[in-house]
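Engineer: First the structure, then my questions, so here it is.
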């Protein structure tokens, strides 16, 4: 099994260690809120080193083929070594004389060996080491056949889950450290600006690791399925992953975060209004109920003293947040980017969701109200279309859009490419577009293709009016027929040629004298 | 994917509770990763085009080179793509082409393979399945499929000289002494003048050179159409030797057709009832005799793809398909074994004025009774069993 040594020996251990270090840093910062005198750097370094050690030791055990009690002894020595090193680490930076005094005190007071700081560091180190070992275990078993076990977790799922949960814990601890525990319940506090470096490091490394895991998984699968893998794939994978993450990172950092909190405030306003309405309805219902019971109570002789119903003051609506100072151009750009991105994301997700579930769309569209809405929208669309038609007729002919009623071919272009970008089409579609474009232009000049004419017949006919571009017309027609009716792919050179022909024919058509009789003239001939 | 979205929601809740701006950036990052993965994956898959290039017709024993071109027509690179081309097991080992590829913007990859046409048949090359996905494994990969394309491998064709049959009229044993009609455009030879011969038949050049009167002998002008009747009903072939016998019968039919059209330039047709894998049902094939090359290819295409069919009444087929043939046409009947109903039908056809030849594809020689009956009818009977016999001649 060929594996990339650089990935196994350097990239993975360092990434896992970096991620563990990021989490450890957040925990250390949190604990230092209570014990500010503790040495945080030493704990973080210990966690990073333990994570590295966990990776290498696991692979060493596998390489040596250790089993049973040998593994147990190995692990016990590792843990003992951690403890010793942590104790030694805790004495670093202390004067030799004090160290000596401390060492002499240990036989009389053994609890001084493991004080609270060392204990905390030991727990953190053990956690880091365990997670790193487990991660290495999961990384090593990517692609292995699954075990028949109810509780079996696929390695990729385990790794992804660990990354996600680690991230959530990191966000929580780092966040609490930053805002303070007392401020946690105060949701009206202002947002906290600034970069949280260890969070950034964790997520960037984690996403890069996800890319690497996906590559490893695919590589294993391809190996099993005897798929030939080109050598350059790994190189391109790294490049494209970094490109992808760079792009998404750019989007994430460009988008303003200031909109999200007001958005939440808007949500809370909506919820407040809804609660207010429900409260009002409930009070009205109670009032009606009491009014209904009043005559009955009188009949029974009850002495009802009218108590004015006091619905109480209505809840105060939360005030809308004010915008602050006038936005500068950059803020405007960011705002536009944010809302553009958010809207496109929502539209995209909804569209994909509905595309994947056509039965849902069909089911929903059978509902009468929706059908009525659909009919209304259709009527509006027709009306707008009619208005546009009227406007077109009034616009001077020089800037007039293609008239739908003037022939059979112009609509073909629009039907086929209702809203398009030429670059967004495939080469074959572009070939078709070039041809249909010429048909449309020729029809506007009064030389339409009749529905019964084949492309070649029309080519001969139009060629008689445009003898100077006869060859170009032949080539364009051939290219259209091939693109439209064959499965052949069009190459770049061919497309360039056809594009050049298209431009030449367009120029020739512009120079052609318009014929006013149009289709009628053609039929008469 | 659900986990990912749930996680995104969790991150959002944490960010909303803690109200740290940077956390929203992390949420955006995850959201952008999800959305970009989806968009990238779909966009790149939509822009992939694939084309298969190979010759759709081949003869048995040939090797056909095939080329598969996969092209990315978009500006977004395709980070990974697996190509799985299914190939018929009879033509390729292993019966697939599996390749992983990476396609840059407007990138293209070509994959080549060979199809060893060891056995006649109608094959489907493909379908081609392509799978592409994102780089982080967040979204499910998308699969696209390209339709299969047919490849027809014609059966082996052996020259009739090797079979030892007469080349001009391979199967027809016409009574040349008393032809009913003669074709004056086809001079067969000369003979001495006999009393009663028309002066128009005198071969003056030959008379001058030989010094005696000789007259031209014309070829008989009765119909020279041949209909190959191939029996492919299941019960006509012994179970143990069925595969070999059927394949040999088809080779014989193809060889006959090829010889008659290519060498003699005479029309030949085909009548059979067999299983058609293209239509996926039992089909009756009847190609009326014609002498064009294109017709030969059509005939070979049918012979390439047909397989042993259900039990059918072959004698009935013979009678039915011979109805439209002109008087004197030849019927080359290829069957798996002799049988009384078959002989009865052949007798009927012989009496109806057709020339009939029987080719039995079986390991044993025809029985004495069958040979006797054939001799009485003036009907040649051939037996073929091994490929070597076919190549060496009878």
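Here, each number is a calculation from the coordinates, and none is a lab measurement. Small disclaimer: the values here were computed from a predicted structure and weren't measured. With ideal geometry, Cβ positions are generated from the backbone for all residues, glycine too; neighbour counts draw on all protein chains shown.
Engineer: Given a cut-off of under 8 Å on Cα pairs at least six residues apart, what relative contact order in percent is computed for region A:122-224? Don't jump to the answer; show the numbers that get you there.
Structural biologist: Details: 33 pairs, mean separation 35.5, N = 103.
After rounding, I find 35 percent.
Engineer: Here is a further query. Just to verify a number: FRET efficiency for residue B:339 and residue A:485, C-beta to C-beta distance, R0 = 51 Å, to 0.05?
Structural biologist: My answer for the efficiency is 0.50.
Engineer: Want the number for residue A:239 to residue A:474: 0.36 nm per residue separation, take away the alpha-carbon distance, what's left?
Structural biologist: Result: 80.1 nm gained on full extension.
Engineer: Just B:383, B:201, B:319 to compare: in a GNM of chain B, with alpha carbon springs under 10 Å, which one fluctuates most?
Structural biologist: B:201
Engineer: Under the rule a/c < 1.5 gives rounded, and otherwise a/b versus b/c splits prolate from oblate, where does chain B land using the Cα gyration tensor?
Structural biologist: Details: a/c = 4.31, a/b = 2.89, b/c = 1.49.
Prolate, since a/c reaches 1.5 and a/b exceeds b/c.
Engineer: Roughly what would the spin-label model give for residue A:361 and residue B:369, points 7 Å off Cα along C-beta, in nm?
Structural biologist: 7.3
Engineer: Sort all Cα-Cα distances of region B:2-45 into consecutive 5 angstrom bins from zero, then give the percent of pairs in each bin up to the one containing the longest distance.
Structural biologist: 6, 23, 25, 19, 13, 7, 5, 2
Engineer: Continuing with this model, one more query. For chain B, set up a Gaussian network in which alpha carbons nearer than 10 Å are linked by springs, and say which option among B:12, B:54, B:111 fluctuates the most.
Structural biologist: Comparing B:12, B:54, B:111 in the GNM, the peak value goes to B:12.
Engineer: A further question on this structure: At 7 Å along the Cα-to-beta-carbon direction for both residue B:239 and residue A:460, put a label point, then send me their distance in nm to one decimal.
Structural biologist: 6.4
Engineer: Also, I was wondering about something else. Please determine, in degrees from 0 to 90 and to the nearest 10, the orientation of helix B:2-18 with respect to the longest principal axis defined by the Cα atoms of chain B, where the helix direction is its Cα long axis.
Structural biologist: With both axes taken from Cα atoms, the answer is about 10 degrees.
Engineer: Could I ask something else about it? Using helices alone, I'd like the mean residue ellipticity at 222 nm for the protein assembly as shown: each DSSP H run of four-plus residues gives -39500 (n - 2.57), total over residue count, nearest 500. Please list the in-between numbers first.
Structural biologist: Details: 28 runs with 481 residues, N = 919.
When only DSSP H runs of four or more count, the value is -17500 deg cm²/dmol.
Engineer: Sticking with this structure for a sec: Compute the long axis of helix B:368-377 from its Cα atoms, compare it with the longest principal axis of the Cα atoms of chain B, and write down the angle in degrees, 0 to 90, nearest 10.
Structural biologist: Taking Cα atoms only, the helix is inclined about 70 degrees.
Engineer: Between region B:246-274 and region A:1-70, what is the separation of their alpha carbon centroids in Å?
Structural biologist: 78
Engineer: Now a separate question. In whole Å, how far is the Cα centre of region B:76-110 from that of region A:79-101?
Structural biologist: 60
Engineer: Related question: So for chain B: antiparallel DSSP bridges make up what percent, rounded to the nearest 5?
Structural biologist: Details: 54 of 78 bridges.
Counting only bridges with both partners in chain B, antiparallel ones make up about 70 percent.
Engineer: Under a 10 Å cutoff between Cα atoms, tell me which one of B:275, B:40, B:204 has the largest fluctuation in the Gaussian network model of chain B.
Structural biologist: Answer for the Gaussian network model of chain B: B:204.
Engineer: Averaging sequence separations of C-alpha pairs under 8 Å and six or more residues apart, then dividing by the length of region B:236-290, give the relative contact order as a whole percent.
Structural biologist: Values: 45 pairs, mean separation 13.3, N = 55.
Here the relative contact order equals 24 percent.
Engineer: Ok, one more. Using Cα pairs under 8 angstrom and six or more residues apart, how large is the relative contact order of chain B, in percent?
Structural biologist: Working: 780 pairs, mean separation 51.4, N = 394.
In percent, rounded to a whole number, it is 13.
Engineer: Kindly express, to the nearest 10 degrees and within the range 0 to 90, the angle between helix B:293-305's C-alpha long axis and the longest C-alpha principal axis of chain B.
Structural biologist: 60
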